[in-house]
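What follows is a single structure, written as structure tokens, with notes after it.
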């Protein structure tokens with residue numbers, strides 16, 4: 001089997017808010033209360049909002065050997081490139 005290596009490069013999406021918008025402050029406060037990062041709160045909110053939009057149903061009879069194989073099969077992560 002070819003060795004696969006995952007990239008650690010991160011994609012970015014920039015979100016801008018008006019100066020009087022309280023959402024950034026509320027995200028920071030929630031992150032502080034939950035002892036996590038604002039990024040984690042935003043990622044969780046996006047995942048909850050998107051649900052399974054754009055994902056592929058698990059193929060019938062598919063038995064992944066790892067959680068990575070499952071994530072690739074449903075499209076929640078891109079397949080690793082063989083090295």
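Results, tabulated for the structure shown:
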quantity: Test: residue 78 is assigned to a loop (DSSP other than H, G, I, E, B), more than 15 Å from the chain's Cα centre (by Cα) and loosely packed, with under 11 Cβ neighbours inside 10 Å; calculated: no
quantity: Residues located in segment 25-37, provided they are without any contact (Cβ under 8 Å) to a residue 12 or more places away in the chain and surrounded by 10 or more Cβ atoms within 10 Å (Cβ to Cβ); calculated: 25, 26, 28, 29, 30, 31, 32, 34, 36, 37
quantity: Criterion: part of a loop (DSSP other than H, G, I, E, B) and closer than 29 Å to residue 71 by Cα - qualifying residue of 55, 46; calculated: 55
quantity: Given (1) at pLDDT below 95; (2) in a loop (DSSP other than H, G, I, E, B), index of the condition residue 73 fails; calculated: (2)
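The values are calculated or read from the model by the stated rules, or taken from the named source; none is laboratory data. Just so you know, these numbers come straight off a predicted model, no measurement behind them. Cβ coordinates were reconstructed from backbone atoms using ideal geometry, including for glycine residues, and neighbour counts include every protein chain displayed.
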